[in-house]
Protein chains: 2
Amino acid sequence: MLFSTKAEYGVRLMVELGRQPGAEPVSLSAVAESERLPLSYMEHLVAKLRKAELVRSTRGAHGGYKLARPAEEITMDQVVEALEGQIAPMECFHEVPEGKVLCSHEGDGHRLCATKLLWTRVQSGVTRALAGTTLAELVEFSGADGDPEELRVEAVGTAA
Amino acid sequence: MLFSTKAEYGVRLMVELGRQPGAEPVSLSAVAESERLPLSYMEHLVAKLRKAELVRSTRGAHGGYKLARPAEEITMDQVVEALEGQIAPMECFHEVPEGKVLCSHEGDGHRLCATKLLWTRVQSGVTRALAGTTLAELVEFSGADGDPEELRVEAVGTAA
DNA sequence: GGGAATCCGAGTCATCCGGTAGGATTTAGC
DNA sequence: GCTAAATCCTACCGGATGACTCGGATTCCC
């Protein structure tokens, strides 16, 4: 598995929030119930989302959570990264500010890291998919109660 | 981390084998030494590669391993899958023969699985990167002892 | 002030990862 | 046929992480 249920649950949570129209916050228990997910576990997840400033919370009675920004402006790389942590295909793979990439194996002399080319491509494939998908898309997608009509899922990073 | 060191070590092993010209098998200890990886651990990994019929082994003295097919015909999705197991972005995500995809959450009625669109895109990004890279490429890439000239790493799934 | 909610930290149980250990089996070369 | 070099196989082990649960502290509306 590339990702754990943290990403799964967290994304669902976000979608559920995005689904709500109003300005009033939604309580976690409401979300948990409607998605049939364990409430106490969700607390940890939503905490990460809050620290990443993707959701805003109001405490006390009638409190809850809501999106910190409109769903169109939230891309899924932010969400997944908040939940799963820095997303890299491999341990030895560190991204530095400048779009470049470091590899721990490099520097044991001469030869290039044999796997770097591969992981870089994978990395780019994943981030392109995540960054190219907005929360709004997912909300709309899941909201379509009508028949699926075999969704055209490709639209990201593909020219053909 | 998307992948564990199993993929890392295993790919390195494959590259090392691809690097060898001759028809004689290479002993695991030789590979382990040259890549500075623990031999006894590599045994487990190479076993998976053998079961996947990516390498062939000859036992006894002067035995070892060699590629089962020419490096140009080995794509990295086969290698990574042999090492890490079925590669899916999420637990609930099962691919069935017909290119379609199943989701365990589907069928709890009406609504579409909110995350399906996202994971499908991720999946496609990863497999395209893996399947679009051959072992031969990695061998050549790592063999270039010359200066890196800031490798053009993008070439898969990108039109630009 | 009571209750509904967010917060926070600790603890638990299982699984997997990375690696070790020990030995059985096969084979080339003497 | 003995020995050394190699593959094979199974079991084990310590640590990390995942997927939770629990208890309680805090905040705020009514």
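If you go through the stretch B:1-32 and pick out every residue that is of a type outside the set (A, V, I, L, M) and within 13 Å of chain A (Cβ to nearest Cβ), you end up with 11. Among residues that are at pLDDT below 95 and either within 12 Å of DNA strand D (Cβ to nearest atom) or within 12 Å of another protein chain (Cβ to nearest Cβ) (or both), B:His94 is included. Among the residues of the stretch B:34-90, those identified as farther than 29 Å from A:Phe3 by Cβ and more than 15 Å from DNA strand D (Cβ to nearest atom) are B:Arg36, B:Arg69, B:Pro70, B:Ala71, B:Glu72, B:Glu73.
One residue is enough: does the stretch A:114-128 have a residue meeting the conditions more than 21 Å from B:Pro89 (Cβ to Cβ), more than 7 Å from every other protein chain (Cβ to nearest Cβ) and in contact with a strand residue (DSSP E or B) (Cβ under 9 Å, 6 or more places away or on another chain)? Checked the stretch A:114-128: at least one residue is more than 21 Å from B:Pro89 (Cβ to Cβ), more than 7 Å from every other protein chain (Cβ to nearest Cβ) and in contact with a strand residue (DSSP E or B) (Cβ under 9 Å, 6 or more places away or on another chain).
Taking the stretch B:48-67 as the range and being among the charged types (D, E, K, R) and either more than 14 Å from the chain's Cα centre (by Cα) or assigned to a helix (DSSP H, G or I) (or both) as the test, the residues that pass are B:Lys48, B:Arg50, B:Lys51, B:Arg56, B:Arg59, B:Lys66. Look at (1) within 12 Å of DNA strand C (Cβ to nearest atom); (2) over 21 Å from B:Glu81 (Cβ atoms); (3) part of a helix (DSSP H, G or I) and you find that B:Ala30 fails only one, number (1). Just checking, how many residues over the stretch B:1-22 are in contact with a strand residue (DSSP E or B) (Cβ under 7 Å, 6 or more places away or on another chain) and modelled with pLDDT of 95 or more? Qualifying residue count, the stretch B:1-22: 2.
Remark: pairs (first residue in the stretch B:51-65, at positive phi and in contact (Cβ under 8 Å) with a residue 40 or more places away in the chain; second residue within 8 Å of DNA strand D (Cβ to nearest atom) and part of a loop (DSSP other than H, G, I, E, B); Cβ separation under 9 Å; 6+ apart in sequence or on different chains) = B:Gly64/B:Pro25; B:Gly64/B:Ser27.
The values are calculated or read from the model by the stated rules, or taken from the named source; none is laboratory data. What you see is a predicted model, and the numbers here were worked out from it, not measured in a lab. Neighbour counts run over all protein chains shown; Cβ positions are idealised from the backbone, glycine included.
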